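Only one structure is covered here, and it is reproduced in the block below.
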Amino acid sequence: MNLAALIDAHPDEATALVFRADTVTYGQLRRRVAEARGALNALGVGPGDRVALVAGNEPGFVVAYLAVLGLGAVAVPLNPASPAPELERELAAVEPEQVLAGQGCEGVVPNARPIAGLTGAPVPAVDPGPDDLAVLMFTAGTGAEPKAAMLTHGSLLANLDQIQRHPGRTVTATDITLGVLPLFHIFGLNVVLGLSFLAGGSVVLIEQFHGADTLAAIAEHGITLVAGPPTMFAALAAVPTADRSAMASVRLAVSGAAPLSAEIAAAFERCFALPLREGYGLTEASPVVTSSVMGEAPHPGSVGVPLPGVEMRLVDEEGEDALLGDSGEVWVRGPNVFAGYWQDADATAAALTPDGWLRTGDIGVAGDDGQLYLVDRSKDLIIVSGFNVYPNEVEEVLLAHPAVAETAVVGVAHPYTGETVHAYVVLAKGDTASVSEAELIEHCARRLARYKCPTEIIFVPSLPRGLTGKLLRRALRDDPI
């Protein structure tokens with residue numbers, strides 16, 4: 001089944017999308033997708049071709065995404081707010097047949113084709129196999145710089161089915177979902193958009209998150225499902241006018257993409273009299289692995305139990321299954337696991353075992369209650385507001401500045417974003433060493449997405465290293481200089 005066919009079975013008059021003051025029905029969406037499919041076909045887009053999507057949360061993104069999938073081509077969602085050098089690297093990696101730009105994003109990539117102009121004679125959709133690629137989603141991966149994870153029609157559809165079969169997590173045609181998560185992020189793309197389309201529900205697309213405005217939209221549209229990172233829920237609870245009436249229509253609030261602190265969960269429940277459930281996933285799992293939505297009170301600190309059809313192991317340092325109560329790396333296997341990293345066999349082999357287990361890099365403990373509790377990460381990954389940041393990517397940008405001789409980047413706990421990026425810098429000797437913290441942060445901002453940029457630069461005479469010269473990032477995290 002083509003992932004794009006999720007919209008085919010629902011009544012013409014049923015609402016699929018709400019955007020600003022406009023409503024798009026499933027009948028209207030099907031017509032617009034068919035016309036866009038025809039336009040792309042006329043441009044030579046066919047099965048296996050990559051098509052980059054540079055757009056915000058607006059109907060045009062949805063139309064282009066479904067049209068690309070309908071042709072058997074591969075959608076590559078990109079962050080329109082990324083600096084030009086980052087977008088250039090991503091485009092060079094996937095070599096797209098076309099680059100499509102949404103409203104307000106036409107100038108982000110030179111020569112991008114406006115999505116609004118995609119109108120042609122409708123052509124039928126193709127029927128790809130489950131192993132055919134549907135999406136290339138850039139991610140920090142499980143052990144290196146950002147890579148494009150290969151998500152197939154089968155893996156994305158499998159995860160939607162797994163979520164629907166999890167007790168208490170089922171979405172129905174009567175649900176109205178908040179669509180404020182970026183659609184270029186797998187959480188927004190599959191868990192919000194894909195799941196709603198599978199059920200025949202509707203999504204209220206929000207272009208940019210603002211706490212008070214989002215609360216107003218929830219009340220105005222009678223939104224029933226709210227999903228997002230912990231930072232979003234913290235901001236909603238902090239709105240001065242917030243109270244339980246603001247979320248009277250909401251039946252389920254789910255936090256994901258980053259660890260949820262007990263403080264944020266408690267503040268949200270106090271404000272809205274609504275429990276905040278937590279799940280766990282990663283792009284390479286399409287993305288959901290576990291969920292704490294069970295119809296009972298949440299287990300504090302738990303990310304829940306595996307979805308139906310998802311196998312999970314906790315593996316110790318010797319490669320054996322960890323004993324109950326002992327920590328181990330979370331390994332995942334199931335039809336939702338990705339096909340590997342685009343044109344990177346080494347990274348794929350490092351992430352996937354020969355028998356199909358995904359090494360997540362996350363460290364967890366299984367409780368007596370059968371719940372998974374995450375305790376650490378085996379890699380140096382930093383998670384800022386649900387987005388992955390790998391230290392070496394930031395370090396390479398800092399090292400490109402002539403005043404920087406050495407640098408180490410670590411994640412530091414932050415009450416709002418979960419973590420924030422701190423950089424320790426050893427300056428070069430000589431005239432090139434005159435540089436300020438603000439100048440280095442601006443240097444990064446011109447080359448990296450905002451969430452990847454350091455929020456603090458600490459100048460130090462040297463960096464901690466082991467006997468072999470290996471940088472000891474953990475020493476900086478545990479005992480900052």
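Across the stretch 41-52, a minimum of one residue is classified as within 30 Å of C453 (Cβ to Cβ), buried (at least 18 other Cβ atoms within 10 Å of the Cβ) and either in contact with a Ser or Thr (Cβ under 9 Å, 6 or more places away or on another chain) or of a type in the set (G, A, S) (or both).
In the stretch 383-462, counting only strands (runs of 3 or more DSSP E) that sit wholly within it, the ones holding 2 or more residues that are without any contact (Cβ under 8 Å) to a residue 60 or more places away in the chain and farther than 28 Å from E278 by Cα span 404-414, 418-427, 456-459.
Mind listing whichever residues of the stretch 91-104 are loosely packed, with under 15 Cβ neighbours inside 10 Å and part of a loop (DSSP other than H, G, I, E, B)? Explain how you work it out, then say what you get.
To start, the set of residues in the stretch 91-104 that are loosely packed, with under 15 Cβ neighbours inside 10 Å comprises 92, 95, 104.
Result: E95, G104.
Okay, residues lined up against (1) modelled with pLDDT of 95 or more; (2) crowded, with 24+ Cβ neighbours inside 10 Å:
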position: A248; (1), (2): yes, no
position: A257; (1), (2): no, yes
position: S261; (1), (2): no, no
position: A265; (1), (2): no, no
position: P275; (1), (2): no, no
position: V289; (1), (2): yes, yes
position: M294; (1), (2): no, no
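Can T455 be described as modelled with pLDDT under 90 and either under 30 Å from A238 (Cα atoms) or outside the structural domain of A84 (by TED's automatic domain parsing) (or both)? Criteria not met by T455. Checking each residue in the stretch 374-407 for being of a type in the set (G, A, S) and modelled with pLDDT of 90 or more picks out only A403. Of the strands (runs of 3 or more DSSP E) lying entirely inside the stretch 143-231, those containing at least 3 residues that are in contact (Cβ under 8 Å) with a residue 24 or more places away in the chain and within 20 Å of T23 (Cβ to Cβ) span 176-179, 202-205. When each of T139, T170, T177, T152 is tested for being modelled with pLDDT under 95, polar (S, T, N, Q) and in contact with a Leu (Cβ under 8 Å, 6 or more places away or on another chain), the lone residue that passes is T139. Against the definition (modelled with pLDDT of 90 or more and in the same structural domain as E317 (by TED's automatic domain parsing)), how does D362 come out, yes or no? So D362 does not fit the description; no.
Among G120, G72, G107, which is farther than 16 Å from L43 by Cβ and assigned to a loop (DSSP other than H, G, I, E, B)? Spell out how you get there, then give the answer.
Numbers: G120 fails: farther than 16 Å from L43 by Cβ; G72 fails: farther than 16 Å from L43 by Cβ.
Testing whether each residue is farther than 16 Å from L43 by Cβ and assigned to a loop (DSSP other than H, G, I, E, B) leaves just G107.
Of all the listed residues (G319, G328), the sole one being free of Cβ contacts under 8 Å to residues at least 60 places away in the same chain, in a loop (DSSP other than H, G, I, E, B), out of contact with any helix residue (DSSP H, G or I) (no Cβ under 7 Å at 6 or more places or on another chain) and more than 26 Å from V94 (Cβ to Cβ) is G319.
Show the residue pairs meeting these rules: Cβ distance below 8 Å; 6+ apart or different chains; first residue within the stretch 6-17 and assigned by TED's automatic domain parsing to the domain that holds V126; second residue assigned to a loop (DSSP other than H, G, I, E, B). Correct list of pairs: A9/G200; H10/A173; H10/G200; P11/G200; A14/A173; A14/G200; A16/H10.
The values are calculated or read from the model by the stated rules, or taken from the named source; none is laboratory data. Quick caveat, the model's predicted, so the values are computed rather than measured. Backbone-built Cβ (ideal geometry, glycine too); neighbour counts: all protein chains shown.
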